[in-house]
Amino acid sequence: IRSRKRYRSCPPFGDYRTIEPLIMQGGLMNYDIVFHVDLNDEAVLNIAISNIANYFTAIEGQKAEVVMLVNGPAVNLFKKETALPALKDLQGKGLQIRVCQNAMNKFSLPKETLMDGVQVVPAGIVELARLQNERYTYIKP
């Protein structure tokens, strides 16, 4: 039986024993990640914020695109007057916040009411599909 450590491409799904040697060789690791927030729940947003802060700490020095994709009722958490200060701090570290235009329309939120530095995308679900197609890891806190 051949050793699985010889894989130079993606290991079989679910076989996590083979990934470490590849990461150590600089072979496969892609640190691009998208955090999906869709509930108007500050507790869920705080979990996402904590996850993102921990991620930035863990990958320090690595090249990565870190995106928070916001759709559905969660768009209400990103108003200028109520947005959590930790979001601005994470933006300073490189977090990109992308907000769904469809959700903004549904909840009657003009772009001017959103916190500074967010990018509006036409459809959040389409943006999620696009990012996953580009090998972004999907995280749903």
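Structure above, values below:
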| item | result |
| --- | --- |
| Failed condition for Lys80, given (1) more than 17 Å from the chain's Cα centre (by Cα); (2) buried (at least 16 other Cβ atoms within 10 Å of the Cβ) | (2) |
| Only listed residue being at pLDDT 90 or above, surrounded by 12 or more Cβ atoms within 10 Å (Cβ to Cβ) and of a type outside the set (S, T, N, Q), chosen from Leu45, Leu22 | Leu45 |
| Near pairs, Cβ below 7 angstrom, 6+ apart or cross-chain, from the stretch 54-82 (on the phi > 0 side of the Ramachandran plot) to any residue that is small (Gly, Ala, Ser) and in a helix (DSSP H, G or I) | Gly72/Ala103 |
| First in the stretch 124-141 and open to solvent by less than 60 Å² (accessible area, probe 1.4 Å), second anywhere and among the β-branched types (Val, Ile, Thr) and assigned to a helix (DSSP H, G or I), Cβ under 7 Å, 6 or more apart | Pro141/Val44; Pro141/Ile47 |
| Asp32 vs. criteria among the charged types (D, E, K, R) and modelled with pLDDT of 95 or more | yes |
| Test: residue in the stretch 95-103 that is open to solvent by 40 Å² or more (accessible area, probe 1.4 Å), more than 23 Å from Arg130 (Cα to Cα) and touching a helix residue (DSSP H, G or I) at 6+ places or on another chain (Cβ under 8 Å) | no |
| Matching entry among Gly92, Gly61 (being in a loop (DSSP other than H, G, I, E, B) and either out of contact with any helix residue (DSSP H, G or I) (no Cβ under 8 Å at 6 or more places or on another chain) or at pLDDT 95 or above (or both)) | Gly61 |
| All positions within the stretch 95-117 that are among the acidic types (Asp, Glu) and in a loop (DSSP other than H, G, I, E, B) | Asp116 |
| Selection status of Val120, open to solvent by less than 20 Å² (accessible area, probe 1.4 Å) and either in a helix (DSSP H, G or I) or closer than 20 Å to Lys140 by Cα (or both) | no |
| Residue within the stretch 107-115 that is surrounded by fewer than 20 Cβ atoms within 10 Å (Cβ to Cβ) and touching a Pro at 6+ places or on another chain (Cβ under 8 Å) present | yes |
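The values are calculated or read from the model by the stated rules, or taken from the named source; none is laboratory data. Since we're looking at a predicted model, the values are computed, not measured. Neighbour counts are summed over all protein chains in view; Cβ atoms, including those assigned to glycine, are modelled from backbone coordinates with ideal geometry. Note: accessible area is taken over every heavy atom of the protein model, side chains too, but ligands, DNA and RNA are not part of it. Shrake-Rupley method; radii C 1.70, N 1.55, O 1.52, S 1.80 Å.
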